[in-house]
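Trainee: A single structure is presented below for examination.
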Amino acid sequence: MTDTPERVLVQVRDLKKHFPIRRGVLRRQVGAVQAVDGLTFDIHEGETLGLVGESGSGKSTTGRALLRLVRPTAGSVAFDGDELSSLGAEALRARRREMQMIFQDPYASLNPRMTIGAIVREPLDIHEIGDAAGRDRRVDELLERVGLSRAARDRYPHEFSGGQRQRIGIARALSTEPRFIVADEAISALDVSIQAQIVNLLQDLADELGLTYLFIAHDLTMVRHISDRVAVMYLGRIVELGTRDDVFERPLHPYTRALLDAVPIPDPTAEARRPPALGGEVPSPADPPSGCRFHPRCPLATDLCRTKDPHTREAGGTARPHRVACHHATQPE
Amino acid sequence: MSAPAESPVLEVRGLITRFHTDRGVVNAVNGISYTLAPGEALALVGESGSGKTVAALSVLGLVPPPGSVEEGEVLLHGENLLDLPDRAWRDVRGRRVAMIFQDPLTSLNPVLTVGRQMTEMLRHHLDLGRDAAERRSVELLERVGIPDAARRLRDYPHQLSGGQRQRVMIAMALSCEPDVLIADEPTTALDVTVQAQIVDLVKELRADLGMAVLWITHDLAVVAGLVDRVAVMYAGRIVEIAPVARLYASPRHPYTRGLLRSMPAFRGSTGSRLESIEGAPPDLTLTFASCPFAPRCPLAEDRCHEELPPLQSTGAGSASACWRWGSVEP
């Protein structure tokens, strides 16, 4: 969207989130689900970073940890230079205005007993932004901006279709004039023809308001369309990160390649050439494989991969660094 | 449409299925007709509320109340299933026409092991003894690519992954070597690499066993490499049906074109904006005297708002329900 965003808005260093597994009468901890296990990356002001991965990859937990909707086990998240874990309650609340989330299921995230006007207005009330008349004006502006009529104000969520509900969720997220929005599978539950409407709206808003997005999705086609850079997660780790073109056109990690090969294409000729699917399934994040976590499914795996966890290294990159965590990743063919 | 060379294994004629609900009559399926040749794979593609799932359930007499099939015929080898007494249905379902669903957990019994469920079904349908049924179960699980099959028989459904559960459902569906497999969004809940595995498996099994496949989906991409023909549904009707290559290369209905255009390209350049279809699908409690897609259609003219277009041949085994099909650009 913007040409070369330079300023780091969100800085993530060695972020971990482990969920304890407890058993027995004493609820003793017997293990941990390593949902997110050591992530380091930056999100630049004005860019859209796509975060892709399959179930158990930790992509949703990552989004929540960035907004401190879950408390990280270790590591740091800094927003515009402020380390979030060191902020007091009041300062964190002020920062929260600038960071919002759009959820997958707009219906589950909208209170069915509140009118649309009250839902969109609520964050303004909580953060005490403007006076009563100002808040009402702002609600009207927001509804209009996301393509809903002012008449929507006095109606309830069940009166709207899935696509319209997602517009309401977006209006609510925009109400506090955030700079950073985490969109967690924001279009996955919508029909194809409606997905395009919502993606176009998100892109228009980014252009107009200079928003920064973390766009979390399992649909690689849509991620390719909307993202400036893309991070690929597997079992709690980022295995590859680079510009959209580097990751999609010149993938380095064998998992990224398998993931891209698996994407169905609406073209029978292209489908006939699709290579056979990667075997196996994602192992449990409670008991990740030794060494490289992808080695049991990897066509390139050697003894080294079974024993030694690969470091993330820079492997070229056209406009920005292209990072990969693999012992064997070579330059693309 | 050109008649298939062989007589069809399944022929649906003028199917109408309605739901009588508190808020009125929902016209879920509004008179659809299609044929399925032996060994052929046909996709029924549509968005939510298009009637695709009800159309599939209607074939097997599984429409839940307050819905029912009110008109039409479902001919399996020429015999109208809708005339069958309830007892005879049991012989059709599972044995001659099998179905797999989006969520296998709702079709598997959570308190019985996989082995118990498979062997009971085999003994019932194929009249096998206990040992023979167990041996056959292991063979079937191996056939669908489940490693360590004999041990998996002792597992309960929740102990398997989503992909493995779908493989178990496919194994059970294949056990009686049905003439027709109906697959209702079987890969929608799966991760993309596992989806690719299941699609590969169904392709391979279809080639080996020569069964016909009716694949229900919202995703035009998934079926592009899987089926011979595609039927696109909108508001309970088939609005376009065509051989797979032709449908993607030159759609003859503005809705099909819109669906294809609203998906971003996965290869080549990335456009800055997606072409979306404005508006939303219609309320199915309405009945249509004009084209149901007209309010969203960029090509709509007066006639489209006045007369309901019938599904008419556009040549080469294709048909479109659009007055302006000749003006649809690829």
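The values are calculated or read from the model by the stated rules, or taken from the named source; none is laboratory data. Remember, it's a predicted structure, so these values are computed and weren't measured experimentally. Positions of Cβ are generated from backbone atoms using ideal geometry, with glycine treated the same way; all protein chains shown enter the neighbour counts. Keep in mind that these areas ignore ligands, DNA and RNA; they rest on the heavy atoms of the full protein, side chains included. Shrake-Rupley method; radii C 1.70, N 1.55, O 1.52, S 1.80 Å.
Trainee: Looking at the stretch B:100-143 only, could you name the residues that are open to solvent by 30 Å² or more (accessible area, probe 1.4 Å), within 23 Å of the chain's Cα centre (by Cα) and of a type in the set (A, V, I, L, M, F, W, C)?
Mentor: B:101, B:105
Trainee: A further question follows. Taking strands (runs of 3 or more DSSP E) that fall entirely within the stretch A:1-117, which contain at least 2 residues that are acidic (Asp, Glu)?
Mentor: A:28-44
Trainee: Keeping to the stretch B:31-82, report how many residues are within 22 Å of residue B:319 (Cα to Cα), at pLDDT below 95 and polar (S, T, N, Q).
Mentor: Going through the stretch B:31-82 one residue at a time, the tally reaches 2.
Trainee: Could you list all residues from the stretch A:191-218 that are more than 9 Å from chain B (Cβ to nearest Cβ), open to solvent by 10 Å² or more (accessible area, probe 1.4 Å) and under 22 Å from residue A:53 (Cβ atoms)?
Mentor: none
Trainee: Can you pull out every residue in the stretch B:188-238 that is open to solvent by 10 Å² or more (accessible area, probe 1.4 Å), assigned to a helix (DSSP H, G or I) and away from chain A (no Cβ under 12 Å)?
Mentor: Answer for the stretch B:188-238, where residues must be open to solvent by 10 Å² or more (accessible area, probe 1.4 Å), assigned to a helix (DSSP H, G or I) and away from chain A (no Cβ under 12 Å): B:206, B:207, B:208, B:209.
Trainee: In the stretch B:200-222, is there at least one residue being modelled with pLDDT under 90 and of a type in the set (Lys, Arg)?
Mentor: No: zero hits.
Trainee: Can you name the condition, by its number, that residue B:180 falls short on among (1) in contact (Cβ under 8 Å) with a residue 60 or more places away in the chain; (2) open to solvent by 60 Å² or more (accessible area, probe 1.4 Å)?
Mentor: (2)
Trainee: Can you name the condition, by its number, that residue A:290 falls short on among (1) in contact with a helix residue (DSSP H, G or I) (Cβ under 7 Å, 6 or more places away or on another chain); (2) more than 12 Å from every other protein chain (Cβ to nearest Cβ); (3) within 29 Å of residue A:43 (Cβ to Cβ)?
Mentor: (3)
Trainee: Do we find that residue B:61 is part of a loop (DSSP other than H, G, I, E, B), at positive phi and either more than 14 Å from chain A (Cβ to nearest Cβ) or hydrophobic (A, V, I, L, M, F, W, C) (or both) in this structure?
Mentor: Considered against the rule, which asks whether it is part of a loop (DSSP other than H, G, I, E, B), at positive phi and either more than 14 Å from chain A (Cβ to nearest Cβ) or hydrophobic (A, V, I, L, M, F, W, C) (or both), residue B:61 comes out as yes.
Trainee: Follow-up question, since we're still on this one. Hey, can you tell me all the residues within the stretch B:251-289 that are open to solvent by 30 Å² or more (accessible area, probe 1.4 Å) and away from chain A (no Cβ under 12 Å)?
Mentor: Across the stretch B:251-289, the qualifying residues are B:252, B:285, B:286, B:287, B:288, B:289.
Trainee: If you don't mind, there's one more thing I want to ask. Could you give every pair whose Cβ atoms fall below 7 Å, whose first residue belongs to the stretch B:275-287 and is in a loop (DSSP other than H, G, I, E, B), and whose second residue is among the charged types (D, E, K, R), counting only separations of at least 6 or pairs across chains?
Mentor: Note: pairs meeting the criteria are B:275/B:261; B:277/B:296; B:278/B:296; B:279/B:296; B:281/B:47; B:285/B:23.
Trainee: Only residues that are within 13 Å of another protein chain (Cβ to nearest Cβ) and surrounded by fewer than 23 Cβ atoms within 10 Å (Cβ to Cβ): list them for the stretch A:236-253, please.
Mentor: Of everything in the stretch A:236-253, those that are within 13 Å of another protein chain (Cβ to nearest Cβ) and surrounded by fewer than 23 Cβ atoms within 10 Å (Cβ to Cβ) turn out to be A:243, A:244, A:245, A:248, A:249.
Trainee: Return the only residue of A:161, A:175 being hydroxyl-bearing (Ser, Thr, Tyr), within 14 Å of chain B (Cβ to nearest Cβ) and either out of contact with any Pro (no Cβ under 8 Å at 6 or more places or on another chain) or in contact (Cβ under 8 Å) with a residue 12 or more places away in the chain (or both).
Mentor: One residue alone meets the criteria, A:161.
Trainee: Next up: Which one of the conditions (1) open to solvent by 20 Å² or more (accessible area, probe 1.4 Å); (2) over 25 Å from residue A:47 (Cα atoms); (3) within 14 Å of chain B (Cβ to nearest Cβ) does residue A:147 fail to meet, given that it meets all the rest?
Mentor: The single condition residue A:147 does not satisfy is (2).
Trainee: Continuing with the same structure: Does residue B:230 satisfy being under 27 Å from residue A:200 (Cα atoms), at pLDDT 95 or above and among the hydrophobic types (A, V, I, L, M, F, W, C)?
Mentor: So residue B:230 fails the test.
Trainee: Shifting gears a bit: Determine if the stretch A:19-30 includes at least one residue that is out of contact with any helix residue (DSSP H, G or I) (no Cβ under 6 Å at 6 or more places or on another chain), open to solvent by less than 40 Å² (accessible area, probe 1.4 Å) and among the charged types (D, E, K, R).
Mentor: no
Trainee: Would you mind stating whether residue B:159 is open to solvent by 40 Å² or more (accessible area, probe 1.4 Å) and within 14 Å of chain A (Cβ to nearest Cβ)?
Mentor: yes
Trainee: For the stretch B:78-94, what are the residues that are charged (D, E, K, R) and within 18 Å of the chain's Cα centre (by Cα)?
Mentor: Passing the criteria: only B:93.
For every residue, the table says whether it meets (1) touching a Lys or Arg at 6+ places or on another chain (Cβ under 9 Å); (2) more than 24 Å from residue A:206 (Cα to Cα); (3) of a type outside the set (Ser, Thr, Tyr).
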{"residue": "A:107", "(1), (2), (3)": "yes, no, no"}
{"residue": "A:113", "(1), (2), (3)": "no, yes, yes"}
{"residue": "A:119", "(1), (2), (3)": "yes, no, yes"}
{"residue": "A:123", "(1), (2), (3)": "yes, no, yes"}
{"residue": "A:128", "(1), (2), (3)": "no, yes, yes"}
{"residue": "A:133", "(1), (2), (3)": "no, yes, yes"}
{"residue": "A:140", "(1), (2), (3)": "yes, no, yes"}
{"residue": "A:160", "(1), (2), (3)": "yes, yes, yes"}
{"residue": "A:165", "(1), (2), (3)": "no, no, yes"}
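Trainee: Continuing with this model, one more query. Being open to solvent by less than 40 Å² (accessible area, probe 1.4 Å) and under 17 Å from residue B:30 (Cβ atoms) is the filter here, so list the residues in the stretch B:305-319 that pass it.
Mentor: B:309, B:319
Trainee: In this structure, is residue B:295 outside any loop (DSSP other than H, G, I, E, B), within 14 Å of chain A (Cβ to nearest Cβ) and open to solvent by 60 Å² or more (accessible area, probe 1.4 Å)?
Mentor: Yes: the conditions hold for residue B:295.
Trainee: Could you list, in sequence order, the residues of the stretch B:167-187 that are among the hydrophobic types (A, V, I, L, M, F, W, C) and part of a strand (DSSP E or B)?
Mentor: Result: B:180, B:181, B:182, B:183.
Trainee: Out of (1) open to solvent by 20 Å² or more (accessible area, probe 1.4 Å); (2) within 11 Å of chain B (Cβ to nearest Cβ); (3) at pLDDT 95 or above, the odd one out for residue A:227 is which?
Mentor: (1)
Trainee: Enumerate the pairs (first residue in the stretch B:239-265 and over 14 Å from residue B:297 (Cβ atoms); second residue anywhere and among the aromatic types (Phe, Trp, Tyr)) with beta-carbon separation below 7 Å, excluding pairs fewer than 6 apart on the same chain, so at least 6 apart or on different chains.
Mentor: B:241/B:34; B:260/B:248
Trainee: Mind telling me which of the residues A:138, A:172 ends up being closer than 30 Å to residue A:44 by Cα and surrounded by fewer than 21 Cβ atoms within 10 Å (Cβ to Cβ)?
Mentor: Sole residue among the options that is closer than 30 Å to residue A:44 by Cα and surrounded by fewer than 21 Cβ atoms within 10 Å (Cβ to Cβ): A:138.
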